Amino acid sequence: MTINRAIECAELMSRKMVPRDFDNDEDRCVFGMICADALHLMKTSGEKTKLGSELNEPDPDADTWQERVKREYHETKERYEKLNRLLVKHAAGTLDFTLKCPIELLKAQREHMSDYLYTLEIRAEIEGANLYD
């Protein structure tokens, strides 16, 4: 059974209709496994369900907001530093490839990333999150 066929079967069943070719145990078993996998995926991704419109139970191993801000800061800083190195090499004439986009666009991106890093640093300072451990 394909995913598309499983979706079709689920839609028919939601309208209290039974799919014509859904009469053997193997199809029902595969359909059940696909539904279970989809529900597990929804649960781990934190999506709301239509059943109760409630968020799924929080994962006790999930990151705290401080850890997420710290990770976001370090990931952005790493990307900023890579972009900055590219711009320095371009300015020095040592870049070993030709840029496809205008240099002004990359400089603007660097400026926005710098502003964002600065904003994260101020927020972390205000909220007491340590970005530098």
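Restricted to region 87-114, and to residues there that are hydroxyl-bearing (Ser, Thr, Tyr) and farther than 30 Å from TRP65 by Cβ, the residue that is surrounded by the most Cβ atoms within 10 Å (Cβ to Cβ) is THR94. Across region 115-133, the qualifying residues are those that are within 19 Å of THR64 (Cβ to Cβ) and surrounded by 11 or more Cβ atoms within 10 Å (Cβ to Cβ), and the one among them that is modelled with the lowest pLDDT is ALA129.
The residue of region 53-104 that is modelled with the lowest pLDDT, among those that are closer than 30 Å to SER14 by Cβ and not acidic (Asp, Glu), is SER53. Checking every residue in region 110-117 against the condition of being of a type outside the set (Asp, Glu), more than 30 Å from MET42 (Cα to Cα) and out of contact with any helix residue (DSSP H, G or I) (no Cβ under 7 Å at 6 or more places or on another chain) gives at least one match. As a summary of the residue check, ALA36 satisfies the conditions (1) modelled with pLDDT under 95; (2) exposed (fewer than 14 other Cβ atoms within 10 Å of the Cβ); (3) in contact with a Leu (Cβ under 7 Å, 6 or more places away or on another chain) except for the one numbered (3). Pairs are defined by a Cβ separation below 9 Å, a sequence spacing of at least 6 or placement on different chains, a first member in region 102-126 that is over 15 Å from VAL88 (Cα atoms) and without any contact (Cβ under 8 Å) to a residue 24 or more places away in the chain, and a second member that is aliphatic (A, V, I, L, M) and outside any helix (DSSP H, G or I); the pairs so defined are GLU125/LEU131. Do we find a residue being surrounded by 12 or more Cβ atoms within 10 Å (Cβ to Cβ), within 30 Å of THR2 (Cα to Cα), of a type in the set (Val, Ile, Thr) and at pLDDT below 95 anywhere in region 40-52? Among the residues of region 40-52, at least one is surrounded by 12 or more Cβ atoms within 10 Å (Cβ to Cβ), within 30 Å of THR2 (Cα to Cα), of a type in the set (Val, Ile, Thr) and at pLDDT below 95, which makes the answer yes.
The values are calculated or read from the model by the stated rules, or taken from the named source; none is laboratory data. Computed from a predicted structure; not experimentally measured. With ideal geometry, Cβ positions are generated from the backbone for all residues, glycine too; neighbour counts draw on all protein chains shown.
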